[in-house]
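Student: I have a structure here, written as structure tokens, and I will follow up with some questions on it.
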């Protein structure tokens, strides 16, 4: 049934593409009717990884795999705008985002659909392909379904959103791009996100020729509905951030705190919640503090098609509130090679008590005191069209 549902969504997506393509054809053929201005693009990514914690991968000298192919649609018609992206990975097909919007004026826009949750540094709180700790606990590049208003007034940047639920109404689906609270009755997990509000306020300080600094605050509050008890718990998070651009140098700093308060049935541990994406799921500490410190440096070059090298070091940590739990860390040092329309990320990622980096099954929950640091060497080649 799950596979059938997936292909229904794919068919619907291509039907929409055909309709939009028809509009473009009419415009190019001189059809006098005014139609939408549509841009269709996409990307193809390939990934190589060497994992020192995986005996099979290490024994083969790493693995080279298809990463994804994606399709992007962006368009406008008068003051109506649309944006959508669908991704096909080797193991799943998912929506990344898809919304329709309306320009209230030149500075304010309203969006409805699957949109990015406004929280912390945007659009990403990292420079690397692998992202950092916040992504894997639903606090970076997270997409949910609802309505959002974004706007600018001089140096001020505003975002206010209400999300009815995560991108899928079915919280039992783990084939998703964003990490959310997910249900798994076999694991005794019955919670799902509901009725979440997000607010973000940022101010940009201009430093003349030296650069600029964005400082901001964010908050979110939402329900946590338990389908077993039919009771509504709650969760919240807040953050402060700095995102500075000083010539070729970028500095990202962020501190965020979160807490989940589920209304679980008797006997279920409330010190953890269950999160999932990419057809996987795991336990996460119910309360913690996330710290981010990222730096990057752009170096213009002229090496054939290569125009720029961006060197970076991204560090993030989850400090868990529960005293008996052990903190989770990621540090990524790498370089992005820009040869438009091709981009190559070369990363050395080390993690401790971290999922997909050799950590234990409960890496983001209790973890282990002697987990040790694990390394993943990663190359991602991305072609955009």
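Student: Can you pull out the residues in region 357-373 that are under 23 Å from the mean Cα position of the chain (by Cα) and farther than 22 Å from residue 271 by Cβ?
Tutor: Answer for region 357-373, where residues must be under 23 Å from the mean Cα position of the chain (by Cα) and farther than 22 Å from residue 271 by Cβ: 357, 358.
Student: Right, something else. Does at least one position in region 174-191 carry a residue that is assigned to a strand (DSSP E or B), within 17 Å of residue 222 (Cα to Cα) and over 16 Å from the mean Cα position of the chain (by Cα)?
Tutor: In the first step, residues of region 174-191 are kept if they are assigned to a strand (DSSP E or B); the result is 180-181, 184, 189, 191.
The next check asks that each one be within 17 Å of residue 222 (Cα to Cα); those that pass are 180-181, 191.
With over 16 Å from the mean Cα position of the chain (by Cα) added as a condition, the list becomes 191.
The answer is yes; a qualifying residue exists.
Student: Give region 142-173 a look and list any residue that's crowded, with 21+ Cβ neighbours inside 10 Å and part of a loop (DSSP other than H, G, I, E, B), or say none.
Tutor: Across region 142-173, the qualifying residues are 142, 167, 171, 173.
Student: From the list 363, 348, which one is in the same structural domain as residue 133 (by TED's automatic domain parsing) and outside any strand (DSSP E or B)?
Tutor: Details: 348 fails: outside any strand (DSSP E or B).
When all the criteria are applied, what remains is 363.
Student: Something else now. Quick one: which of 87, 70 is within 29 Å of residue 111 (Cβ to Cβ) and free of Cβ contacts under 8 Å to residues at least 40 places away in the same chain?
Tutor: Numbers: 87 fails: free of Cβ contacts under 8 Å to residues at least 40 places away in the same chain.
None of the others qualify; the one that does is 70.
Student: For region 179-192, check the following and say yes or no: at least one residue is touching a strand residue (DSSP E or B) at 6+ places or on another chain (Cβ under 8 Å) and surrounded by fewer than 18 Cβ atoms within 10 Å (Cβ to Cβ).
Tutor: Of the residues in region 179-192, the ones touching a strand residue (DSSP E or B) at 6+ places or on another chain (Cβ under 8 Å) are 179-184, 187, 189-192.
Restricting the remaining residues to those that are surrounded by fewer than 18 Cβ atoms within 10 Å (Cβ to Cβ) gives 184, 187.
Looking through region 179-192, at least one residue is touching a strand residue (DSSP E or B) at 6+ places or on another chain (Cβ under 8 Å) and surrounded by fewer than 18 Cβ atoms within 10 Å (Cβ to Cβ).
Student: Of 345, 325, which residue is at pLDDT 95 or above, buried (at least 21 other Cβ atoms within 10 Å of the Cβ) and closer than 25 Å to residue 69 by Cβ?
Tutor: On the way: 325 fails: closer than 25 Å to residue 69 by Cβ.
When all the criteria are applied, what remains is 345.
Student: Among the residues that make up region 280-295, is at least one of them in contact with a helix residue (DSSP H, G or I) (Cβ under 6 Å, 6 or more places away or on another chain) and either in the same structural domain as residue 131 (by TED's automatic domain parsing) or in contact (Cβ under 8 Å) with a residue 12 or more places away in the chain (or both)?
Tutor: Within region 280-295, the subset in contact with a helix residue (DSSP H, G or I) (Cβ under 6 Å, 6 or more places away or on another chain) is 290.
Cutting the leftovers down to either in the same structural domain as residue 131 (by TED's automatic domain parsing) or in contact (Cβ under 8 Å) with a residue 12 or more places away in the chain (or both) gives us 290.
Within region 280-295 (the criterion being in contact with a helix residue (DSSP H, G or I) (Cβ under 6 Å, 6 or more places away or on another chain) and either in the same structural domain as residue 131 (by TED's automatic domain parsing) or in contact (Cβ under 8 Å) with a residue 12 or more places away in the chain (or both)), the answer is yes, since at least one residue qualifies.
Student: Moving on. On the given criteria, is residue 210 at pLDDT below 95, surrounded by fewer than 18 Cβ atoms within 10 Å (Cβ to Cβ), in contact with a strand residue (DSSP E or B) (Cβ under 8 Å, 6 or more places away or on another chain) and within 30 Å of residue 106 (Cα to Cα)? Break it down stepwise before answering.
Tutor: Numbers: at pLDDT below 95: yes; surrounded by fewer than 18 Cβ atoms within 10 Å (Cβ to Cβ): yes; in contact with a strand residue (DSSP E or B) (Cβ under 8 Å, 6 or more places away or on another chain): yes; within 30 Å of residue 106 (Cα to Cα): yes.
Here the answer is yes, as residue 210 does meet what is asked.
Student: Please verify whether region 217-226 includes one or more residues that are in contact with a strand residue (DSSP E or B) (Cβ under 7 Å, 6 or more places away or on another chain), surrounded by fewer than 17 Cβ atoms within 10 Å (Cβ to Cβ) and not in a strand (DSSP E or B).
Tutor: No; the residues of region 217-226 include none that is in contact with a strand residue (DSSP E or B) (Cβ under 7 Å, 6 or more places away or on another chain), surrounded by fewer than 17 Cβ atoms within 10 Å (Cβ to Cβ) and not in a strand (DSSP E or B).
The values are calculated or read from the model by the stated rules, or taken from the named source; none is laboratory data. Only a predicted model underlies this, so the values are computations on that prediction, with no experimental measurement involved. Here Cβ is always computed from backbone atoms with ideal geometry, including for glycine, and neighbour counts include all displayed protein chains.
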